[in-house]
Amino acid sequence: PEETVTSSFASFIAAARPEHLSQTVRQRSKRMILDSLGVGLVGSTTRVFDIALSYCRLYSSVAVSSVYGKPGVKLSPTLAAFTNGVATHSMDFDDTWHPATHPSGAVLPALLAASQMLPPNTKPNGLDFLLAFNVGLEVQGRLMHFSTETHDIPKRFHPPSVVGTLGSAAATAKLLSLSLAQCCHALGIAASLAGAPMANAATQAKPLHVGNATRLGLEATLLAARGMEANPLILDDIPGCSGFSAFYSVYQPKPLPAPGQQHEFLLEKQDIAFKRFPAHLGMHWVVDAALSVRNLFINYAGSFSPSLIRTIVLKIPVSKYINRPFPSSEHQARHSFQFNACTALLDGEVGLGSFSESIIQRQELRELLDKVVVEHPEDNVANFDKMYGEVALLLHSGDVLTGKCDTFYGHWRKPLSKESLLKKFRSNASHVLPEEKIEAIITLVDNLENLSDSSQL
């Protein structure tokens, strides 16, 4: 039969082998796995995670898969994937790719749950797990490149709820060794389960997008494995009949090359961004710009004295859902250029504790927020590969101090060092795990290719 875009994706999933992963891809993806585990563990301490877990515990059948941060608690595989996906995105602390999506949180929880679901004599080894993870990343990345609008900060659908659902299906289809036809149907089923609106950004509902992506992708695979069928042209551009193109106004799909010498994984060419503090990725530009100008201010005045500041000018890209002058909740604060810039100016840092209610409601912070003016320069586009953040302090004396950030530390152009990544993981994991278990996870991930049973992870 004639090859289609959809069949090329299914063929890629079925044909991918461990030897197709370069050393660069293996190392980058293991960094992603470790970071995502840490983010999920600290995310298991949040209110939104507690809500998701209490809902999932209504369903107790086939409780074989573990839950982040809750020793002894197990759920069915799909609900464990959902709960751990919610944990991963509960603080908006998870990794971000370009075009913009959160790739790990949509895939890793499904693979962990599926690994525990399988009988003892059929457990995938660590190399199988690593391959499946990368298949899930690759499918997400390729789908994102089918539309030019995906390169900018999203306005309609939250990307992980769209491409992440198909990435989860692809990853678990690979891990469970589905046939080529079943892989094709898994993608089609996943497309019917995908999509969430951006209007729920900065609310407790946003973490559900990642939880649903990883859960529903796994469900699509389990349905396909049991014989459910879907449109075999779901990824193709069929005039007059929307498939995956329903999510994008501009959609130009291309076949996915077969794995091997003619194929290079996207992770080989495009590294990932790891966040240093739990907030929307755009916040990292304005925080680094604010910290830069804060240092200039201290050198100028001897200390940080807000009373000397007349106006704070933020030069940021146009993006409505992260332009929030006076956030009133932790989730709004994580999506506010103004809040993150002013917190960095006032405290000299932004961290886990910056988003508590008492910190958000501080009078001195509110006074700084009152001084903020936002500008949108034409050259500052809403694109994580091109945007910048600029913070200018206009002083009562007439002097102007300016800080600018084109590439924050943690961006794919300026990756976190191994030491910084390990420091972040240890800090996150320490909220729920003792030191010996934290170090054991680091060792397991570092030697993932040699793990005989991936469910140990």
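Right, Ser76: hydroxyl-bearing (Ser, Thr, Tyr), assigned by the TED database to the domain that holds Ile442 and modelled with pLDDT under 95 or not?
Judged against the criteria, Ser76 is a match.
State whether one or more residues within the range 280-300 are in the same structural domain as Gly398 (by the TED database) and assigned to a strand (DSSP E or B).
No, because not a single residue in the range 280-300 is in the same structural domain as Gly398 (by the TED database) and assigned to a strand (DSSP E or B).
Identify, please: which residue in the range 137-184 is acidic (Asp, Glu) and assigned to a helix (DSSP H, G or I) and is, among those, surrounded by the fewest Cβ atoms within 10 Å (Cβ to Cβ)? Walk me through it before giving the result.
Filtering the range 137-184 for residues acidic (Asp, Glu) gives 138, 149, 152.
Next, from what is left, pick out any that are assigned to a helix (DSSP H, G or I): 138, 149.
Values: Glu138: 26, Glu149: 14.
The extreme case among them is Glu149.
In the range 200-256, what count of residues is obtained for those that are loosely packed, with under 15 Cβ neighbours inside 10 Å, assigned to a loop (DSSP other than H, G, I, E, B) and β-branched (Val, Ile, Thr)?
The number of residues fulfilling the criteria is 2.
Just name the residue that is surrounded by the most Cβ atoms within 10 Å (Cβ to Cβ) out of those in the range 87-119 that are of a type in the set (A, V, I, L, M) and assigned to a loop (DSSP other than H, G, I, E, B). If you could, list the steps in order and put the result at the bottom.
Here is the first cut: in the range 87-119, the residues of a type in the set (A, V, I, L, M) are 87, 91, 100, 106-108, 110-114, 117-118.
Narrowing further to those that are assigned to a loop (DSSP other than H, G, I, E, B): 91, 100, 106-107, 118.
Details: Met91: 25, Ala100: 22, Ala106: 38, Val107: 35, Leu118: 17.
The qualifying residue surrounded by the most Cβ atoms within 10 Å (Cβ to Cβ) is Ala106.
Pick out the one residue from Gly403, Gly410 that is open to solvent by less than 50 Å² (accessible area, probe 1.4 Å) and part of a strand (DSSP E or B).
On the way: Gly410 fails: part of a strand (DSSP E or B).
When all the criteria are applied, what remains is Gly403.
For the range 289-303, which residues satisfy the criterion of being open to solvent by less than 30 Å² (accessible area, probe 1.4 Å) and closer than 20 Å to Leu352 by Cα? Before the answer, list the steps.
The initial filter retains those residues of the range 289-303 that are open to solvent by less than 30 Å² (accessible area, probe 1.4 Å), namely 289-290, 293, 297.
If the condition is that a residue be open to solvent by less than 30 Å² (accessible area, probe 1.4 Å) and closer than 20 Å to Leu352 by Cα, then Ala289, Ala290 are the ones that fit.
Within the range 305-314, is there a residue that is under 24 Å from Trp412 (Cα atoms), touching a residue at least 24 places away in the same chain (Cβ under 8 Å) and in contact with a strand residue (DSSP E or B) (Cβ under 6 Å, 6 or more places away or on another chain)? Don't jump to the end; show me each part of the working.
At the first step, the residues of the range 305-314 found to be under 24 Å from Trp412 (Cα atoms) are 314.
Still in the running and touching a residue at least 24 places away in the same chain (Cβ under 8 Å): 314.
Now drop any that are not in contact with a strand residue (DSSP E or B) (Cβ under 6 Å, 6 or more places away or on another chain), which leaves 314.
Scanning the range 305-314, I find at least one residue that is under 24 Å from Trp412 (Cα atoms), touching a residue at least 24 places away in the same chain (Cβ under 8 Å) and in contact with a strand residue (DSSP E or B) (Cβ under 6 Å, 6 or more places away or on another chain), so the answer is yes.
Looking at the range 120-132, which of its residues are in a helix (DSSP H, G or I) and in contact with a helix residue (DSSP H, G or I) (Cβ under 6 Å, 6 or more places away or on another chain)?
Of all residues in the range 120-132, those in a helix (DSSP H, G or I) come to 120-122, 126-132.
Of everything in the range 120-132, those that are in a helix (DSSP H, G or I) and in contact with a helix residue (DSSP H, G or I) (Cβ under 6 Å, 6 or more places away or on another chain) turn out to be Gly126, Leu127, Phe129, Leu130, Leu131, Ala132.
Every residue in the range 31-55 that is open to solvent by less than 40 Å² (accessible area, probe 1.4 Å), within 15 Å of the chain's Cα centre (by Cα) and either on the phi > 0 side of the Ramachandran plot or not hydroxyl-bearing (Ser, Thr, Tyr) (or both), please.
Going through the range 31-55, the residues open to solvent by less than 40 Å² (accessible area, probe 1.4 Å) turn out to be 32-44, 46, 48-49, 52-53.
Within this subset, residues satisfying the condition of being within 15 Å of the chain's Cα centre (by Cα) are 32-43.
Correct list: Met32, Ile33, Leu34, Asp35, Leu37, Gly38, Val39, Gly40, Leu41, Val42, Gly43.
I'm checking my understanding of the structure. Among residues of the range 125-136 that are open to solvent by 10 Å² or more (accessible area, probe 1.4 Å) and of a type outside the set (Asp, Glu), which one is nearest to Asp237 (Cα to Cα)? If you could, list the steps in order and put the result at the bottom.
So in the range 125-136, the residues open to solvent by 10 Å² or more (accessible area, probe 1.4 Å) come out as 125, 127-128.
Still in the running and of a type outside the set (Asp, Glu): 125, 127.
Numbers: Asn125: 37, Leu127: 34 Å.
So the residue we want is Leu127.
Name the one entry in Leu393, Leu444, Leu416 that is closer than 30 Å to Leu308 by Cβ and aliphatic (A, V, I, L, M).
Details: Leu444 fails: closer than 30 Å to Leu308 by Cβ; Leu416 fails: closer than 30 Å to Leu308 by Cβ.
Exactly one of Leu393, Leu444, Leu416 is closer than 30 Å to Leu308 by Cβ and aliphatic (A, V, I, L, M), namely Leu393.
Given the condition touching a Phe, Trp or Tyr at 6+ places or on another chain (Cβ under 6 Å) and of a type in the set (Gly, Ala, Ser), answer yes or no: does some residue in the range 78-95 qualify?
yes
Taking the criterion of being within 30 Å of Ser420 (Cα to Cα), out of contact with any His (no Cβ under 8 Å at 6 or more places or on another chain), open to solvent by 30 Å² or more (accessible area, probe 1.4 Å) and without any contact (Cβ under 8 Å) to a residue 60 or more places away in the chain, would at least one residue in the range 267-279 satisfy it? Lay out the reasoning, then the answer.
Step one: of the range 267-279, the residues within 30 Å of Ser420 (Cα to Cα) are 267-279.
Narrowing further to those that are out of contact with any His (no Cβ under 8 Å at 6 or more places or on another chain): 267-269, 271-272, 274, 278.
Still in the list and also open to solvent by 30 Å² or more (accessible area, probe 1.4 Å): 268-269.
Going one step further and asking which of them are without any contact (Cβ under 8 Å) to a residue 60 or more places away in the chain, we end up with 269.
There is at least one residue in the range 267-279 that is within 30 Å of Ser420 (Cα to Cα), out of contact with any His (no Cβ under 8 Å at 6 or more places or on another chain), open to solvent by 30 Å² or more (accessible area, probe 1.4 Å) and without any contact (Cβ under 8 Å) to a residue 60 or more places away in the chain.
The values are calculated or read from the model by the stated rules, or taken from the named source; none is laboratory data. These numbers were taken from a predicted model, which means no experiment stands behind them. All Cβ positions, even for glycine, are placed from backbone atoms using ideal geometry, and neighbour counts span all protein chains on display. With ligands, DNA and RNA removed, areas are computed over all heavy atoms of the protein, side chains included. Shrake-Rupley method; radii C 1.70, N 1.55, O 1.52, S 1.80 Å.
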